Amino acid sequence: MQFALSTGALLLIATACIIAAGCMLTSQQPAGSGNAGTPSLDNSVALPAPRIAGSVSVEEALAARRSVREYAKAPLPLSGLSQLLWAAQGITDPAGLRTAPSAGALYPLEVYVACGNVSGLSPGVYHYLPQSHALEKSIDHDVRDDLYRSALRQPAIRDAPAVILIAADYNRTIRKYGERGARYVHMEAGHASENVYLQAYALGIGTVAIGAFDDRSVQSVLGLPQNEVPLYLMPVGKARM
Ligand SMILES: Cc1cc2nc3c(=O)[nH]c(=O)nc-3n(C[C@H](O)[C@H](O)[C@H](O)COP(=O)(O)O)c2cc1C
């Protein structure tokens with residue numbers, strides 16, 4: 001039997017293969033992790049697999065996105081947090097490429113989240129692990145009040161159920177590109193942050209990109225490694241109706 005596939009059909013098949021590979025990568029669970037949201041002995045928490053279909057178009061999200069600084073009291077669902085972290089730095093290609101572009105594919109960004117009221121996650125600080133689409137807990141208590149004081153007492157940080165941090169290890173990029181690498185790192189933080197804004201809007205979640213904070217204080221509150229510089233804080237929570 002002969003098969004004559006149109007270019008459209010071939011494109012469809014190729015797209016399906018890439019998506020399947022991406023999902024296999026992103027839903028891969030770290031050794032020892034249980035169900036999504038369940039901490040394991042090694043302090044890692046598997047996240048629900050990211051969804052790659054939604055009901056809000058990119059155009060709608062671009063047109064309606066706004067910075068939101070007040071949130072509903074309700075907990076942030078783990079699935080929503082998972083989706084936001086994936087939008088920031090999730091892996092979408094078997095070669096390890098991510099949702100946001102990166103100069104030389106060197107990926108200098110690291111993403112953390114300070115959780116206070118996320119369903120299925122105990123309060124604390126977690127590091128996002130793109131390779132396994134999981135979280136690794138590094139601090140075991142709610143740090144949002146401390147973070148609020150580190151960020152000029154901006155109420156959004158104290159009030160949001162969770163605060164995402166985008167940090168960077170500049171050396172990964174500067175090693176290859178010299179001083180120009182610093183510029184690239186800042187551009188990349190912008191890409192990741194905008195991804196979070198658009199994904200948040202599509203999920204009915206509010207967020208704001210916050211750049212006004214004391215670097216050393218944020219570094220200390222979140223227990224960041226010395227080589228990582230905080231660039232953006234993004235409080236996230238269900239938008240108030
Ligand atoms: C680099 C940068 C730093 C920002 N820092 C803060 C901040 O510290 N606090 C804040 O409430 N908003 C901050 N914002 C959000 C801006 O205030 C907001 O984007 C602007 O008012 C435009 O509103 P829109 O995002 O709703 O379009 C920042 C935005 C950018 C791009």
Distance between modelled label sites at Arg175 and Glu59, nm, 7 Å Cα→Cβ extension: 4.4 nm
Give the peptides 197-205, 110-118, 147-155 in descending order of average Cβ contacts within 10 Å, highest first. 110-118, 197-205, 147-155
Normalised Cα Rg of segment 43-101, dividing by 2.2 N^0.38 Å with N its residue count, works out at 1.33
Treat segment 121-241 as a sphere of radius equal to its Kirkwood radius over Cα pairs and apply Stokes-Einstein at 4 °C in a medium of 1.567 mPa s; give the translational diffusion coefficient in µm²/s, rounded to a whole number. 85 µm²/s
Using alpha carbon centers only, segment 167-228 is separated from segment 63-124 by a whole-angstrom value of 12 Å
Listing His191, His186 from the residue with the fewest other Cβ atoms within 10 Å to the one with the most, what is the order? His186, His191
Ranking Pro235, Tyr201, Ile166 by how far each Cα lies towards the positive end of the charge dipole of segment 164-241 (+1 on Lys and Arg Cβ, -1 on Asp and Glu Cβ), the top one is Tyr201
Quick one: if the Förster radius is 30 Å, what FRET efficiency do Asp145 and Ala95 give, using the C-beta to C-beta distance and rounding to 0.05? 0.15
Ordering of 131-143, 51-63 by burial proxy (mean other Cβ atoms within 10 Å per residue, highest first): 131-143, 51-63
For segment 103-186, with the dipole built from +1 on Lys and Arg beta-carbon atoms and -1 on Asp and Glu ones, taken about the Cα centre, which of Gly181, Ala151, Ala114 lies farthest toward the positive end? Gly181
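Where a number appears in this text, it was derived from the coordinates with a stated rule and is not lab data. All of these numbers come straight from a predicted model, not from anything done at the bench. Cβ atoms come from the backbone with ideal geometry, glycine included; neighbour counts cover every protein chain shown.
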